[in-house]
Amino acid sequence: MKDNQKLLTIIILSALAGAGIAYLLSTEKGKQLLTHLKERGTQILDEIQEDLTAEAKEWIEKLKTYIAETTEKYPVEEA
């Protein structure tokens, strides 16, 4: 296939996909699907945020322990 034919094929397929998605989202079932996807996406983001928060707290505790152990081994001499 020539480059122009490939480009034209991509443009046509993209337009068809866009039209299909637009049609789906304009129906009641499509609107329900979009609402469900938004809700699920929000749930997933909340779960990720909770996991990251828990992991951050864990890292902070590890860092505090490391700092305490290091300062015990290598006390800072005051001038």
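Just so it is clear, none of the values below were taken in a lab; they were calculated from the coordinates. Bear in mind that the values here come from a model prediction, so they are computed numbers and not experimental data.
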### Summary
Helix 3-26: inclination vs the chain longest Cα principal axis, degrees, rounded to 10, gives 80
### Query
Add -39500 (n - 2.57) for each DSSP H run of 4 or more in the chain, then divide by its residues: what number comes out at 222 nm, to the nearest 500 deg cm²/dmol?
-32500 deg cm²/dmol
### Query
Can you give the angle from 0 to 90° between the axis of helix 28-73 and the longest principal axis of the chain, with both taken from C-alpha atoms, to the nearest 10?
20
### Task
Can you check how the C-alpha radius of gyration of the chain compares to 2.2 N^0.38 Å, as a plain ratio?
2.36
